[in-house]
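Below is one structure, written out as structure tokens; comments come after it.
The values are calculated or read from the model by the stated rules, or taken from the named source; none is laboratory data. This structure is a prediction, so every number in the text was calculated from the model and none was measured. Cβ: placed from backbone, ideal geometry, glycine included. Neighbour counts: every protein chain shown.
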Amino acid sequence: MAAAGEAADKALGKTSKRKAPSKRNKGNLPDHLERVEELIDPESTACSCGCGEMVKVGEDRTQRLDVVPAKFRVLVTVRPKYMCRTCDGKSHAQAPAPEFLVPRGLGTNRFAVHSVVAKLCDHLPFYRQAEI
């Protein structure tokens with residue numbers, strides 16, 4: 001049925017315009033940027049039941065785009081997860097995530113300020129900032 005409609009449109013000279021998939025880069029920061037790791041440990045890794053120290057079982061990594069004047073870098077925040085071996089995984093600890101200016105955003109506070117200053121003071125539209 002759809003093929004008949006396409007054939008009729010083609011005979012009348014109408015062309016269907018399909019959107020090309022967007023070429024946006026969502027959430028992947030370039031590998032060539034400098035990485036600075038920030039480790040946030042919980043205050044205590046002692047098990048709450050008193051059976052000893054917890055062991056590290058994993059970590060959460062968050063990458064955000066940061067700017068130092070005339071230099072971009074990636075700020076990596078590492079939050080290790082600790083779990084008690086003797087409690088069968090009932091007791092665990094991890095430091096809380098820091099608050100971000102833009103929740104779930106890729107930019108740090110300095111990056112947001114840099115973008116606003118470039119937009120409003122330097123009169124650079126966002127598409128030109130992206131090219132830079």
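Could you list, in sequence order, all residues of the range 80-132 that are within 16 Å of residue 64 (Cβ to Cβ) and of a type outside the set (A, V, I, L, M, F, W, C)?
Within the range 80-132, 98, 99, 103, 104, 105, 107, 108, 109, 110, 114, 115 meet the criteria.
Among the residues of the range 47-67, what is the count of those that are surrounded by 16 or more Cβ atoms within 10 Å (Cβ to Cβ), part of a loop (DSSP other than H, G, I, E, B) and touching a residue at least 40 places away in the same chain (Cβ under 8 Å)?
1
Looking at (1) hydroxyl-bearing (Ser, Thr, Tyr); (2) within 16 Å of residue 36 (Cα to Cα); (3) touching a residue at least 40 places away in the same chain (Cβ under 8 Å), can you tell me which one residue 82 breaks?
The failed condition is (2).
Out of (1) over 30 Å from residue 131 (Cα atoms); (2) out of contact with any strand residue (DSSP E or B) (no Cβ under 6 Å at 6 or more places or on another chain), what's the single condition that is false for residue 60?
With respect to (1) over 30 Å from residue 131 (Cα atoms); (2) out of contact with any strand residue (DSSP E or B) (no Cβ under 6 Å at 6 or more places or on another chain), residue 60 is out only on (2).
Which of the residues belonging to the range 102-121 are assigned to a loop (DSSP other than H, G, I, E, B), under 16 Å from residue 72 (Cβ atoms) and not polar (S, T, N, Q)?
Within the range 102-121, 105, 106 meet the criteria.
Can you pull out every residue in the range 68-101 that is at pLDDT 90 or above, crowded, with 16+ Cβ neighbours inside 10 Å and outside any strand (DSSP E or B)?
95, the sole residue that qualifies.
Pull out all pairs, ordered by first then second residue, where Cβ-Cβ is under 9 Å, the residues are six or more apart or on different chains, the first lies in the range 34-46 and is farther than 21 Å from residue 68 by Cα and part of a strand (DSSP E or B), and the second is charged (D, E, K, R) and modelled with pLDDT under 95.
Final answer for the pair search is 46/53.
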